Every structure is written in C-alpha cells, then in structure tokens.
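The values are calculated or read from the model by the stated rules, or taken from the named source; none is laboratory data. If you're wondering where the values come from, they're calculated on a predicted model, not measured in any experiment. Quick reminder, even Gly has a Cβ in these numbers, built from the backbone with ideal geometry, and neighbours come from all protein chains shown.
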Amino acid sequence: MEAATTTCPNRTASGKPLVVVAPLRYRARMTKPPTVRWSTELSAFGNNTGIVVPPELIAQLGQGQRPAVAVTVNGHQFRTTVGVMGGRHLVPINAAIRKATGLAAGAAIDVTLTADATPRSVDLPADFAAALQQGGVRGFFDQLSNSLQRYHVDNVNGAKSDDTRRRRIDKSVALFLEGKQR
C-alpha cells in the first residue's frame with residue numbers, strides 16, 4: 001500500500017523524530033465524492049421507468065458497476081443503487097418519485113449522480129421495534145440488508161388499519177422466528 005510519510009517537528013520521549021505514516025486511502029476520504037452531471041430523458045422499459053447511465057459515467061464514479069448513489073433529478077433528491085438491465089446501467093425512478101417531480105417517460109431531465117458511501121438506515125416504527133424485541137428477533141432483523149429491512153417496514157407502514165398493521169407485524173416476527181428473511 002502506498003503511503004505518505006511526514007516527519008513532524010515533535011519528537012518521541014526517546015528524542016527520536018516522530019514519523020506519521022498515513023495510507024493514501026484515508027486521505028482519499030477527505031475529498032469530495034465523485035460526481036457526474038448530464039442531460040437526458042426519462043426512459044420507459046415495459047412497466048419500468050429509469051434513467052440510462054452511460055458506461056463512461058459509471059466509470060467516472062469509480063465505485064464499480066452497481067454503485068450506491070445520491071441522485072438529483074430536476075432538483076429532486078433521493079438515494080438509490082444503479083442497476084443493470086438488458087446490459088444498460090439504470091437509475092430506477094419509481095412512481096412516488098415520478099409523482100413528486102411531475103415527470104413521465106420521455107421528459108427531458110438534468111441528472112446529477114454522486115457516489116454515496118454513507119450508511120443506509122431504516123426508520124423502525126416503535127410498535128414494530130417493540131414486537132421484534134419481544135419476539136427475540138431484533139438481532140435477526142438488524143442483520144438483514146437495508147432493502148429487506150425497508151421491505152418489512154414499508155409493508156407495516158403501508159397498512160391502512162390498525163388490525164392490518166398488527167397482522168403484518170406478527171407475520172414479520174413469525175417469519176424471522178423461522179429464520180426466513182421474507
């Protein structure tokens with residue numbers, strides 16, 4: 001590993017100069033994450049809507065073929081992961097985002113992608129958290145991927161009645177007790 005070496009004016013207790021060796025990977029964290037910007041149009045593929053990301057822009061991000069990104073589309077910001085469908089890199093645009101932005105397939109858009117290394121987290125509702133704790137499966141839930149955690153939380157939060165919400169919480173806890181993720 002390449003390292004930067006600096007001799008400091010300070011000395012150790014034995015009088016020897018203090019030398020600091022810092023791997024370059026740590027210095028890289030202090031820079032801004034890679035960002036790419038371009039204008040394109042929102043594409044539709046059957047029932048899916050997304051933004052086609054040119055391969056050279058994926059390479060500029062330097063985060064692999066399916067990078068986690070912060071996306072800005074016509075001023076609307078969200079976080080996602082670039083997917084690959086039919087050999088093309090795509091940023092998915094779900095119905096909620098289309099509704100919030102007023103976009104439809106074929107619309108002209110300005111896109112900014114920024115590599116996103118911040119940890120993903122899910123806001124766990126208090127009643128769901130209590131049921132997981134009571135059922136002894138909170139640890140199992142915490143080990144799930146962010147997308148699976150979000151699946152279960154969105155399922156619970158999407159319930160329109162208290163009875164449905166309770167049934168969905170109970171179903172998730174029962175699945176986790178069986179060692180199933182979904």
Subset of segment 157-167 (residues that are more than 17 Å from Val122 (Cα to Cα) and either in contact (Cβ under 8 Å) with a residue 40 or more places away in the chain or not small (Gly, Ala, Ser) (or both)): Lys160, Asp162, Asp163, Thr164, Arg165, Arg166, Arg167
Checklist (1) of a type outside the set (Ser, Thr, Tyr); (2) out of contact with any strand residue (DSSP E or B) (no Cβ under 8 Å at 6 or more places or on another chain); (3) touching a residue at least 12 places away in the same chain (Cβ under 8 Å) applied to Val82, failing item: (2)
Filtered residue count, segment 36-70, keeping only those that are part of a loop (DSSP other than H, G, I, E, B) and either among the β-branched types (Val, Ile, Thr) or touching a residue at least 40 places away in the same chain (Cβ under 8 Å) (or both): 4
Qualifying residue in segment 87-109 (condition: β-branched (Val, Ile, Thr), surrounded by fewer than 12 Cβ atoms within 10 Å (Cβ to Cβ) and on the phi < 0 side of the Ramachandran plot): no
Condition check for Ile109: under 25 Å from Pro33 (Cβ atoms), in the same structural domain as Gly75 (by TED's automatic domain parsing) and not in a helix (DSSP H, G or I): yes
Among the residues listed as Arg98, Arg165, the single one being part of a helix (DSSP H, G or I), more than 24 Å from Pro33 (Cβ to Cβ) and in contact with an Asp or Glu (Cβ under 8 Å, 6 or more places away or on another chain): Arg165
Residues of segment 115-133 classified as farther than 19 Å from Ala68 by Cα and either without any contact (Cβ under 8 Å) to a residue 12 or more places away in the chain or surrounded by 16 or more Cβ atoms within 10 Å (Cβ to Cβ) (or both), total: 8
Test: residue in segment 134-154 that is in contact with a Ser or Thr (Cβ under 7 Å, 6 or more places away or on another chain) and touching a residue at least 12 places away in the same chain (Cβ under 8 Å): yes
Hits in segment 123-157 - residues which are out of contact with any helix residue (DSSP H, G or I) (no Cβ under 8 Å at 6 or more places or on another chain), under 26 Å from Thr80 (Cα atoms) and small (Gly, Ala, Ser): Ala126, Gly139, Ser145, Ser147
